[in-house]
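The structure under discussion appears below in the form of structure tokens.
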Amino acid sequence: TWYYHDVNSEAYIARNTNGYHSLNIAIPSLIDSYPVVALAPYAFAGNYANVTNIVVPSSIKTIGNDVFGYNTNLLSVIIPSSVTNIGACSFSGSVNFKYIYLEEGSSLKEGLFYEIYNGGYELTSNCKIIRTKFENGLPVILQEDQPNNN
């Protein structure tokens, strides 16, 4: 179930109640015939006990403040080049966060993620920002970027 705000015939995702039951969340690009263009502040904040991976669709342009904060099981977020703005503290408190996949050609600078993590605090040392090609909305993982199972 997706909760959203309709702003000028566009959807801003406010919350997903299925997050408590799914390991992987693929945010839809269309809800009730409205294009999904933003994630509202705090949309995925809080400890979604089971969520480990979130895929942001290419319809999204803006990710609000504190969107992914305090998700202790969150491991990765896939962000397309359509995203041009990410709010403050977007990943704060997500202590097990390991991968931010950015689509090649993204205008987002890697330093931004360190600035927005928690008001200037660095991402955890485990976190890796990977720029790569996307196919069908998902990153193409190169051999050197694959998770090490050691």
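The values are calculated or read from the model by the stated rules, or taken from the named source; none is laboratory data. All values reported here derive from a predicted model rather than from experimental measurement. Because the Cβ atoms are built from the backbone with ideal geometry, glycine has one as well, and the counts that use them run over all protein chains shown. What goes into the accessible areas is simple: the full protein's heavy atoms, side chains included, and nothing from ligands, DNA or RNA. Shrake-Rupley method; radii C 1.70, N 1.55, O 1.52, S 1.80 Å.
Summary table below
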item	result
Amide H contacts under 5 Å for residue 128, placed H, 5+ residues apart	99, 100
Residue 6 accessible area, assembled protein chains, probe 1.4 Å, Å²	80 Å²
Lysines whose Cα lies under 17 Å from that of residue 98, excluding same-chain neighbours fewer than 8 positions away	128
Residue 112-residue 73 pseudo-label distance in nm [points 7 Å out on the Cα-to-Cβ vector]	2.9 nm
Under the Karplus curve 6.51 cos²θ - 1.76 cosθ + 1.60, θ = phi - 60°, whole-Hz ³J(HN,Hα) for the range 31-46, x wherever Gly or Pro sits	10, 6, 6, 9, x, 8, 10, 7, 10, 5, x, 6, 3, 10, 6, x
Whole-Hz ³J(HN,Hα) from phi, Karplus 6.51 cos²θ - 1.76 cosθ + 1.60, for the range 81-93, glycine and proline x	5, 5, 6, 10, 8, 10, x, 5, 6, 4, 10, 4, x
